[in-house]
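What follows is a single structure, written as structure tokens, with notes after it.
The values are calculated or read from the model by the stated rules, or taken from the named source; none is laboratory data. Not measured: the values here are computed from a predicted model. Virtual Cβ from ideal backbone geometry, glycine too; neighbours counted across all protein chains shown. Heavy atoms of the whole protein, side chains included, go into the accessibility calculation; ligands, DNA and RNA do not. Shrake-Rupley method; radii C 1.70, N 1.55, O 1.52, S 1.80 Å.
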Amino acid sequence: MKVGQEHYRSIWQEGDAVRIIDQTRLPHEFIVVTLETLEQSATAIRDMWVRGAPLIGATAAYGMAIAMRADSSDAGLRHAHDTLMATRPTAVNLRWALEHMLALLAPVSPAERAAVALARAAAIADEDVAINSAIGDHGLTIIQEIAARKAGPVSILTHCNAGWLATVDWGTATAPIYKAHQAGIAVHVWVDETRPRNQGAHLTAWEMASHCIPHKLIVDNAGGHLMQHGEVDMVIVGTDRTTAGGDVCNKIGTYLKALAAKDNGVPFYVALPSPTIDWRVLDGVADIPIEERSGDEVSFVQGKLADGTVTRLRISPEETPAANPAFDVTPARLVTGLITERGVCAANVQAMAAMFPDRVAS
Ligand code: MRU
């Protein structure tokens with residue numbers, strides 16, 4: 001999508017160089033980083049220079065390609081896989097991409113591995129763009145139906161950043177929003193700030209502003225109130241891992257939005273690329289690993305001072321410890337529908353298996 005007048009993806013190649021945007025610096029600074037080593041690629045994922053489930057998967061694929069330039073032996077292949085796999089636990093796209101790359105590269109001769117890996121990483125990135133564009137088309141249909149029933153803009157609440165920065169392009173939750181905006185449908189987006197790391201305030205708001213999409217930033221706790229007063233027509237969120245039964249793991253706080261949506265009869269949709277489905281897991285609350293991040297992310301906030309300096313500030317007493325579970329699970333019963341690249345389906349075993357009969361046993 002656009003940054004100023006230029007089109008960017010969140011990860012791209014210039015020749016053999018792999019570049020990313022350092023998302024820890026947005027919205028105040030736009031810094032491009034070249035990934036040069038396996039270790040740096042792992043740091044980029046772990047420290048969230050890149051983040052969002054699909055982009056984590058694409059970066060891991062590129063990280064394997066970068067690692068093969070330095071050591072393409074069998075031991076090097078396994079080491080690259082294990083190093084990248086240990087970066088973040090929740091988004092299943094990481095495992096999906098790494099298992100895919102390992103299976104692809106293991107039978108290839110070491111001399112050819114770097115080139116084969118780079119080509120496949122590029123293909124994974126392109127596939128992600130196509131998937132998200134298709135999610136946008138299917139989600140657009142839902143927005144069009146709502147627009148046809150009401151006067152004024154369609155009001156959409158989203159949580160965290162499931163935008164183009166979280167994918168290679170388009171975003172998942174934002175793809176229908178971008179497509180609706182392009183189609184001339186009036187939309188208004190409620191952007192949850194998404195504590196503790198404020199991906200909504202830092203990233204989704206920046207995306208919406210860059211594309212001139214009407215939006216307002218709200219504190220995480222405002223959603224229920226807005227729904228009670230008829231100010232939200234639908235919720236669309238992304239997901240880091242969705243089970244074969246439709247339980248949805250996403251950024252902490254998503255579950256509370258789903259509860260409020262259910263209580264107020266507001267449709268709650270999840271935009272879901274198929275690599276984000278974990279067909280090996282059924283019960284999301286019991287079986288999805290939830291990342292526990294540093295308490296510092298809760299105790300400090302990052303922002304810009306009046307003089308333009310970007311800094312972090314402590315907001316709690318020094319002696320107060322903080323807990324920081326980064327994701328929660330929304331049970332399938334609270335989900336109105338899954339917007340996938342193949343169409344919209346119900347969040348249950350039968351509907352998901354019918355939508356992806358070729359994947360269900362994999
Ligand atoms: O911790 P993050 O920023 O990687 O979490 C991102 C999310 O929770 C997104 O909603 C999810 O990955 C879907 S991205 C299309």
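Values computed for the structure shown
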{"quantity": "Pair list, Cβ < 6 Å and 6+ apart or interchain, from the range 240-261 residues that are among the basic types (Lys, Arg) to residues that are part of a helix (DSSP H, G or I) and away from the ligand (no atom under 12 Å from the Cβ)", "calculated": "Lys257/Gly223"}
{"quantity": "Test: Ile11 is open to solvent by less than 30 Å² (accessible area, probe 1.4 Å), within 25 Å of Ser274 (Cβ to Cβ) and free of Cβ contacts under 8 Å to residues at least 40 places away in the same chain", "calculated": "no"}
{"quantity": "Evaluation of Ile20 against (1) farther than 30 Å from Thr311 by Cα; (2) touching a Ser or Thr at 6+ places or on another chain (Cβ under 8 Å); (3) without any contact (Cβ under 8 Å) to a residue 40 or more places away in the chain (one fails), failing number", "calculated": "(1)"}
{"quantity": "Count of the range 279-304 residues which are more than 16 Å from the ligand (Cβ to nearest atom), open to solvent by 50 Å² or more (accessible area, probe 1.4 Å) and farther than 28 Å from Ala130 by Cα", "calculated": "5"}
{"quantity": "Single residue of Gly265, Gly284, Gly295 found to be over 25 Å from Asp169 (Cα atoms), free of Cβ contacts under 8 Å to residues at least 12 places away in the same chain and either touching a strand residue (DSSP E or B) at 6+ places or on another chain (Cβ under 6 Å) or not aliphatic (A, V, I, L, M) (or both)", "calculated": "Gly265"}
{"quantity": "Selection status of Leu157, assigned by TED's automatic domain parsing to the domain that holds Pro267 and either closer than 20 Å to Gln302 by Cα or part of a helix (DSSP H, G or I) (or both)", "calculated": "no"}
{"quantity": "Residues of the range 309-362 satisfying the condition of being closer than 22 Å to Gly284 by Cβ, part of a loop (DSSP other than H, G, I, E, B) and either hydroxyl-bearing (Ser, Thr, Tyr) or in contact with a Lys or Arg (Cβ under 6 Å, 6 or more places away or on another chain) (or both)", "calculated": "Asn324, Ala326, Thr336, Ser362"}
{"quantity": "The listed residue being in a loop (DSSP other than H, G, I, E, B) and either closer than 20 Å to Ile20 by Cα or open to solvent by 20 Å² or more (accessible area, probe 1.4 Å) (or both), out of Thr172, Thr194, Thr141", "calculated": "Thr172"}
{"quantity": "Within the range 225-248, considering residues that are among the acidic types (Asp, Glu) and within 16 Å of the ligand (Cβ to nearest atom), the one surrounded by the fewest Cβ atoms within 10 Å (Cβ to Cβ)", "calculated": "Asp247"}
{"quantity": "Flag for Thr158 being under 18 Å from the mean Cα position of the chain (by Cα), within 13 Å of the ligand (Cβ to nearest atom), modelled with pLDDT of 95 or more and more than 16 Å from Ile135 (Cβ to Cβ)", "calculated": "no"}
{"quantity": "Counted residues, the range 249-278 - those being touching a Ser or Thr at 6+ places or on another chain (Cβ under 7 Å), within 10 Å of the ligand (Cβ to nearest atom) and hydrophobic (A, V, I, L, M, F, W, C)", "calculated": "4"}
{"quantity": "Looking only at the range 197-224, and only at residues there that are assigned to a loop (DSSP other than H, G, I, E, B), in contact (Cβ under 8 Å) with a residue 40 or more places away in the chain and more than 26 Å from Ser294 (Cβ to Cβ), the one that is nearest to the ligand (Cβ to nearest atom)", "calculated": "His211"}
{"quantity": "Ala306 being more than 24 Å from Ala175 (Cβ to Cβ) and at pLDDT 95 or above", "calculated": "yes"}
{"quantity": "Considering residues of the range 178-187 that are open to solvent by less than 10 Å² (accessible area, probe 1.4 Å) and in contact with a His (Cβ under 9 Å, 6 or more places away or on another chain) only, the residue nearest to the ligand (Cβ to nearest atom)", "calculated": "Tyr178"}
